[in-house]
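Novice: Take a look at the following structure, please.
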Amino acid sequence: MQDPAGEVRFVSNKFKSLRGRHAVTLREDFGGTGIFSLAWARSRRERTAHSVDLDGETQAWGAAHRVGNAPAQVRERVRFERANVLDGVGGPVDVAVAFNFSYWIFKTRAELRRYFEVVHRSLGPDGVLFLDAFGGLDVPQIDENRVEHEDFTYVWRQRDYDVLSHDFECAISFEFDDGSEINPAFTYSWRLWSLVEIRELLEEAGFSKVNLFWERNDAEGEGTGRFYLPKRAENEHVWWTYIAAER
Ligand SMILES: C[S@@+](CC[C@H](N)C(=O)[O-])C[C@H]1O[C@@H](n2cnc3c(N)ncnc32)[C@H](O)[C@@H]1O
């Protein structure tokens, strides 16, 4: 996640426009180090965040190094819980988020629908689930994408893609100027889900309305940070979108 404060702004604005009030309570599924939760608690004084992940070590690192550095009145509104997102812990909340495509670890329709059903039950009466998704012409294939930064190169690798199952293996590596590297730094074993499948499973799980927010591009084809609800969308080399599923 590049810009947690920007993502919180997006979620806040869209919740407000869908529901006509400010969202207060959040659960971050697959929360890892809890950076979205922290940005949420920072964004308004009354907001609380509950970050759920299976990996206690990652959570402990986030609690010590990220949340631990925030002022007490922010820190005390962020709670980590080591749990499976399928256990349906906590709630009811205004907003649930599952970002960074983490829900793609569920590789069958039955598993993903079950996860969506658990989230649906954990939301308040006007709660909203926010997800992200990506795809496009360059995605269902083996590919590599390098982004140079000042001190390191970020490398995104699509290491394997199976047409029959949509099993999709990806990894992030970092390469440094002295020739050293962390390869891989993170690996992902996903099913590449289409937007149609995600929408259908959300509806089957009971969500009343599924909104797809597409980013408006500028003349150079760069994202503007402004989103709209398209009636249809052209395929692109890579597209990326937010989904807001209303309970
Ligand atoms: C890609 S990371 C997300 C990191 C987080 N969004 C962040 O930006 O720091 C995926 C996370 O999902 C967690 N995870 C995987 N399966 C899970 C499950 N069934 N329940 C809860 N957490 C799970 C992993 O432990 C991992 O921390």
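The values are calculated or read from the model by the stated rules, or taken from the named source; none is laboratory data. Quick caveat: nothing in here was measured; it's all calculated off a predicted structure. Note: ideal-geometry Cβ built from the backbone for every residue, glycine included; neighbour counts use all protein chains shown. Only protein heavy atoms, including side chains, enter the accessible area calculation; ligands, DNA and RNA are left aside. Shrake-Rupley method; radii C 1.70, N 1.55, O 1.52, S 1.80 Å.
Novice: Of all residues being under 18 Å from V11 (Cα atoms) and over 19 Å from the mean Cα position of the chain (by Cα) in the range 116-150, which is least open to solvent (accessible area, probe 1.4 Å)? Just the residue, please.
Specialist: Only one residue fits best here, namely G124.
Novice: May I ask you to verify whether N235 is in contact with a strand residue (DSSP E or B) (Cβ under 6 Å, 6 or more places away or on another chain) and among the polar types (S, T, N, Q)? Don't jump to the end; show me each part of the working.
Specialist: On the way: in contact with a strand residue (DSSP E or B) (Cβ under 6 Å, 6 or more places away or on another chain): no; among the polar types (S, T, N, Q): yes.
In short, no.
Novice: Same structure again: What helices (runs of 4 or more DSSP H) completely inside the range 13-120 contain at least 2 residues that are within 10 Å of the ligand (Cβ to nearest atom)? Working first, answer last.
Specialist: Values: elements: 35-43, 56-61, 72-75.
Those helices (runs of 4 or more DSSP H) span 35-43, 56-61.
Novice: Are there any strands (runs of 3 or more DSSP E) wholly within the range 151-247 with 3 or more residues that are free of Cβ contacts under 8 Å to residues at least 40 places away in the same chain and either farther than 30 Å from R114 by Cβ or within 19 Å of the chain's Cα centre (by Cα) (or both), and if so which?
Specialist: Because the criterion is at least 3 residues that are free of Cβ contacts under 8 Å to residues at least 40 places away in the same chain and either farther than 30 Å from R114 by Cβ or within 19 Å of the chain's Cα centre (by Cα) (or both), the strands (runs of 3 or more DSSP E) in the range 151-247 that meet it are 152-161, 167-176, 181-191, 209-217, 223-228.
Novice: Also: Across the range 2-12, which residue is farthest from the ligand (Cβ to nearest atom) among those that are surrounded by 13 or more Cβ atoms within 10 Å (Cβ to Cβ) and of a type in the set (D, E, K, R)?
Specialist: R9
Novice: Residue under question is V89, and the condition is that it be modelled with pLDDT of 95 or more, under 14 Å from the mean Cα position of the chain (by Cα) and either open to solvent by 20 Å² or more (accessible area, probe 1.4 Å) or within 19 Å of Y242 (Cβ to Cβ) (or both); does it hold?
Specialist: Judged against the criteria, V89 is not a match.
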